[in-house]
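The values are calculated or read from the model by the stated rules, or taken from the named source; none is laboratory data. Here the structure is a predicted model, which means the values were calculated and not measured. For neighbour counting, all protein chains shown are included, and Cβ atoms are generated from backbone atoms with ideal geometry for every residue, glycine included. Ligands, DNA and RNA are excluded from the accessible area calculation, which covers all protein heavy atoms including side chains. Shrake-Rupley method; radii C 1.70, N 1.55, O 1.52, S 1.80 Å.
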Amino acid sequence: MNANSPEATPGPERTASDAAVAPGRIVLLTTSHRVAPGLLSWPAWQALHAADRVLCADGTHPQLPYLREAGITVAEASPTAQELLDACAGGHTVVVVATGEGEPALTDGLARLAGTGRIAMPELELLPASYDLPGARLLDLVQVMDRIRVECPWSSRQTHEGLAKYGIEEAYELVEAIEEGDRDELREELGDVLLQVVFHARIAEEGRPEDGAEPFSIDDVAGGIVAKLIHRHPHVFGDATATTPEEVKEHWLRTKAVEKQRTSITEGIPLGQPGLALAAKLASRVRTAHLEIPLPPVEGIGYELLALAVRAESEGVDPEAALRAAARAYRDAIRDAEG
């Protein structure tokens, strides 16, 4: 057995009768780097305290300081599968604190030994000591973005202004994936849109003192939208009642009006959006505010399109989506004609 083998750490004394029992137990303890070190499940702590030996191949594993603080002796060791079986002989229990890779070489070796059918294998248990919560992979995205921002020659030079066009492109590609009904493409495009959010937040974290800009982080972005969602859903998080989508929208608009303190229903409508979408948004604001505002009595294609957009909005049709659908049908007809 090599110098890093389990024998390097003495275990409790065993009697001769122990040798007659089953050939021990191996517990592979896995942890998530997305959960704060030391926050382990109760079964994990029980297994660690009851073990005859606790091994870890990585001396810098983030869990080790917390295990040692809890009085658990952890040996830095990288045993082979056979050496691990030998350490379990006589009914011993060995806990292996897995590294980030999950110890594939060790588990493959144990599988090969078990596959021979000639070896009495210890009891094998995979014990997750901590679990990822929903959304935990977002932490990976933040970490990857941090590194890219520092080390990538292109990403490290980007600004909010330089990235703006990509945000527009990704939004359109997301809409296209939705309209095409391609779920694989939808998942990918959602990731691209999410990247834009994280990228901009990472840039904002650095601030721009020369512009007097206060830095903010992705946590500030998330915290802001969480607070907004809670505040604008009093029927979910408060005492208000809403049983229909229309009532929900009324809650949302009423709360938003108080927050923004706008003097016109047109405030907050981005004028840079596509024309049909802009016209429909204006019509929606007018209808929601229960105003009667006639269309400008001017002739021309633009005003005809405005009237069509207002009509579409009143009938619950998105004029931009309707025109895109018609354009795709026209594209298909062109391809058919081309043979």
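Expressed to the nearest 5 percent, the antiparallel share of DSSP beta bridges inside the chain is 5 percent. Once both axes come from the Cα atoms, what is the angle between helix 319-338 and the longest principal axis of the chain, in degrees from 0 to 90, rounded to 10? So the inclination is approximately 90 degrees. Would you please give the FRET efficiency between Val175 and Ala36, computed as 1/(1 + (r/R0)^6) with r the Cβ-Cβ distance and R0 = 51 Å, to the nearest 0.05? For R0 = 51 Å, the calculated efficiency reads 0.85. Segment Tyr131..Lys256, full-extension length gain: 41.2 nm, with 0.36 nm per residue of separation and the alpha-carbon distance subtracted.
The local environment of Arg285, defined by Cβ-Cβ distances under 15 Å, has a net charge of +3 under the rule Lys, Arg +1 and Asp, Glu -1.
How much net charge surrounds Arg25 when only other residues with a Cβ under 10 Å from its Cβ are counted (Lys, Arg +1; Asp, Glu -1)? Here the charged neighbours net out to -3. Glu101 sits with roughly 140 Å² accessible to a 1.4 Å probe, with DNA, RNA and ligands left out of the calculation.
Note on the range 123-228: Rg/Rh from Cα positions, Kirkwood definition for Rh, rounded to two decimals, is 1.07.
In the range 213-262, the C-alpha radius of gyration followed by the widest Cα-Cα span (Dmax) gives 13.2, 43 angstrom.
When the chain is treated as a Gaussian network with alpha carbon springs shorter than 10 Å, the biggest mean-square fluctuation among Ile230, Ile168, Ile26 belongs to Ile230. Return one number: the angle in degrees, 0 to 90 and rounded to the nearest 10, between the long axis of the Cα atoms of helix 218-231 and the longest principal axis of the Cα atoms of the chain. With both axes taken from Cα atoms, the answer is about 60 degrees.
For Met145, Met121, the ranking by accessible surface with the largest value first comes to Met121, Met145, using a 1.4 Å probe. With helices as the sole contributors, the chain gives -17000 deg cm²/dmol at 222 nm; each DSSP H run of n ≥ 4 counts as -39500 (n - 2.57), and the sum is divided by every residue. Gyration tensor analysis over the Cα atoms of the range 91-145 returns equivalent ellipsoid semi-axes of 32, 13, 9 Å (largest first, whole Å). Rolling a 1.4 Å probe across the protein heavy atoms gives the chain an accessible surface of 64 Å² per residue. The simple spin-label model puts a point 7 Å past each Cα toward its Cβ; for Asp332 and His235 those points are separated by 3.7 nm.
Surface calculation, 1.4 Å probe, protein heavy atoms: Trp252 sits at approximately 80 Å² accessible.
The residues packed around Ala98, meaning those with a beta-carbon under 13 Å from its beta-carbon, carry a net charge of -4 if Lys and Arg are +1 and Asp and Glu are -1. Here r is the Cβ-Cβ distance between Glu304 and Glu247 and R0 is 35 Å; the resulting FRET efficiency, rounded to 0.05, is 0.50.
Computed with every protein chain present, the accessible area of Leu305 is close to 90 Å² [probe 1.4 Å]. Protein heavy-atom surface of the chain, 1.4 angstrom probe: 58% of the accessible area is carbon and sulfur, with nucleic acids and ligands not counted. The reciprocal of the average 1/r between distinct C-alpha atoms defines the Kirkwood hydrodynamic radius, which for the chain equals 26.6 Å.
For the range 215-339, what is the Kirkwood hydrodynamic radius in Å, using each pair of distinct C-alpha atoms? Final number for the Kirkwood radius of the range 215-339 is 17.8 Å.
Taking all protein chains together and a probe of 1.4 Å, list Arg157, Arg262 from the most accessible to the least accessible.
Arg157, Arg262
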